[in-house]
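> Structure below; questions to follow.
None of the figures in this text is laboratory data; all of them are computed from the coordinates on show. Predicted, not measured: the structure shown is a model, and the values here were computed from it. Here the Cβ positions follow ideal geometry from the backbone for every residue, glycine too, while neighbour counts run over all protein chains shown.
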Amino acid sequence: MKYFFLIFAALVLSIVLIAGPRDHHSPNRPFEFFPDMDHQPKVKAQTESRFFADGIGPRVAVPGTVPLGWEIPAKNAAGKSDLQQVANAYSAAPDYYNTGKMGDRWGDGLPVPVTAALMKRGQERYAINCQICHGANGGGNGITSKYGWVGIANYHDQRIVDMSDGEIFNTITNGKNTMLGYGGNITVADRWAIVAYIRALQKAQLGRLADLTPEQQAKLK
């Protein structure tokens, strides 16, 4: 057994002498037993390349490329947006449609027309993703509040009523405080549908008769 330990000690000492201690710096190229394809022809970020005529390694994005997580409004069979307002809004400010921002500020106003289909979709997505915390009417009294979850936003608070549509969209996307972001689970179009439905919940709780048009008031009477 003693010979085993002597051989083992000699082997460890040999490895240390060859490799050097941890704080040892050598100008020589290290031994690479498993190079893992580290040294192969490839284009690295921010480097030049003789492969391309302009000598630039990183290539310019193909025209029409959409950033990861962004969406373009759907087209109909005729090749035009089903809702021209969506197409116009996206063309004028695609960053707002996808991020809720116009420049360096939160934008306001929905970039999609408010229709019965949009509200129905918003109600459905809200019930699936938001109602468990914020409650059916948006009062922050969802089922999670019954189990001690605190800090749930009440959509009827004046702070959120005054919040821009773009910021609400961003909160759904990236989350805020104890709320996680849903950008990876809810599509851009559905996030705007939820924003529209949240505004409807606020109107249902805080709206006044004077907010309606004369035609709408006449229907109520």
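> Report D for segment 157-221 in µm² per second (integer): Stokes-Einstein, Kirkwood Rh on Cα pairs, 10 °C, 1.306 mPa s.
It comes out at roughly 118 µm²/s.
> Using mean Cβ contacts within 10 Å as the protection proxy, how do 172-180, 208-216 order, highest first?
Order by mean packing, descending: 172-180, 208-216.
> A follow-up question, please. Can you tell me the order of 195-205, 43-53 when each peptide is scored by its average per-residue count of other Cβ atoms within 10 angstrom, highest first?
195-205, 43-53
> Which whole-Hz ³J(HN,Hα) couplings does segment 205-217 yield from phi under the Karplus relation 6.51 cos²θ - 1.76 cosθ + 1.60, θ = phi - 60°, glycine and proline marked x?
Coupling constants for segment 205-217: 8, 10, x, 10, 4, 5, 6, 8, 6, x, 5, 5, 5 Hz.
> Could you give the semi-axes, largest first, of the ellipsoid that matches segment 114-207, computed as the square roots of 5 times the alpha carbon gyration tensor eigenvalues and rounded to whole Å?
18, 16, 13
> Now for a different question. Any idea how far apart residue 32 and residue 10 come out in nm if each label point goes 7 Å out from Cα toward Cβ?
The answer from the label model is 3.3 nm.
> Please give the peptides 181-190, 61-70 ranked by average Cβ packing (other Cβ atoms within 10 Å per residue), highest first, as a rough proxy for protection.
181-190, 61-70
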